[in-house]
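Worksheet: the structure to be examined is printed underneath.
The values are calculated or read from the model by the stated rules, or taken from the named source; none is laboratory data. For clarity, every value in this text was computed on a predicted model and none was experimentally measured. Glycine also receives a Cβ, built like all others from the backbone with ideal geometry; neighbour counts cover every protein chain displayed. The area values use the complete protein model at the heavy-atom level, side chains included, leaving out ligands, DNA and RNA. Shrake-Rupley method; radii C 1.70, N 1.55, O 1.52, S 1.80 Å.
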Amino acid sequence: MITRFALKNYGPISAVDWENLGPINLVIGRNGTGKTTILKAMYSAIRTVEGFRRGDDDTPINELLSTKLRGVFQPDKLGDLVATGAKERLSCVLEMTGENTDSVDYLNYSFGPSTIRSLKAEHKGGKREANSIFLPAKEVLSIQKIILKNELLDRLMGFDDTYLDLAR
């Protein structure tokens, strides 16, 4: 479970530091205030930790994270994620209870506005089960008709029930 998540100078987010998160947390705010940025940053960090040292893959954590951030946010360069006009670097801290709940896993990274691909990341923890997903409602709803037609009429491709329930 996530126990702490902190962002600084991350897109529209000047600073957020959440501690003692519960199993279910609600993120509320006006349009354009960074709710999706927070969730995508969290997802990118968690999926990086889940993918680290997976099987025979010995890709360094900073390379995995860079690839994930570019895939999720699709910036021209990583530095584009830094808040416009920020005087300090973008930073992210993710802390989670370990798989056995006796330990704490964490990922900490930062980079500046001139960063293209390379970033510095610090990670502590073991292997984690890869099971995190990001399901943004507006994207699912934009293909609602495709999901409903596929699942209810054509039965060509298997969307899981989370997609179908949301589309309904």
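Values as computed for the structure displayed
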{"read-out": "All positions within region 14-49 that are surrounded by 18 or more Cβ atoms within 10 Å (Cβ to Cβ) and more than 16 Å from Gly71 (Cα to Cα)", "value": "Gly34"}
{"read-out": "Residue match in region 88-104 (condition: over 25 Å from Gly126 (Cβ atoms), open to solvent by 80 Å² or more (accessible area, probe 1.4 Å) and free of Cβ contacts under 8 Å to residues at least 40 places away in the same chain)", "value": "no"}
{"read-out": "Residue pairs meeting the criteria (Cβ under 6 Å; at least 6 apart or on separate chains; first without any contact (Cβ under 8 Å) to a residue 12 or more places away in the chain, in region 1-21; second open to solvent by 30 Å² or more (accessible area, probe 1.4 Å))", "value": "Ala15/Lys8"}
{"read-out": "Residues located in region 1-13, provided they are open to solvent by 50 Å² or more (accessible area, probe 1.4 Å) and under 24 Å from Asp80 (Cα atoms)", "value": "Lys8, Pro12"}
{"read-out": "Positions within region 5-32 being at pLDDT 90 or above and under 18 Å from Met96 (Cα atoms), in sequence order", "value": "Phe5, Ala6, Leu7, Val16, Asp17, Trp18, Glu19"}
{"read-out": "Residue, modelled with the lowest pLDDT, within region 119-166, restricted to residues that are of a type in the set (Val, Ile, Thr) and over 30 Å from Gly55 (Cα atoms)", "value": "Val140"}
{"read-out": "Top-ranked residue of region 51-87 - restricted to ones that are part of a loop (DSSP other than H, G, I, E, B), among the small types (Gly, Ala, Ser) and at pLDDT 90 or above, ranked as most open to solvent (accessible area, probe 1.4 Å)", "value": "Gly85"}
{"read-out": "Given (1) assigned to a helix (DSSP H, G or I); (2) in contact with a Ser or Thr (Cβ under 8 Å, 6 or more places away or on another chain), index of the condition Thr48 fails", "value": "(2)"}
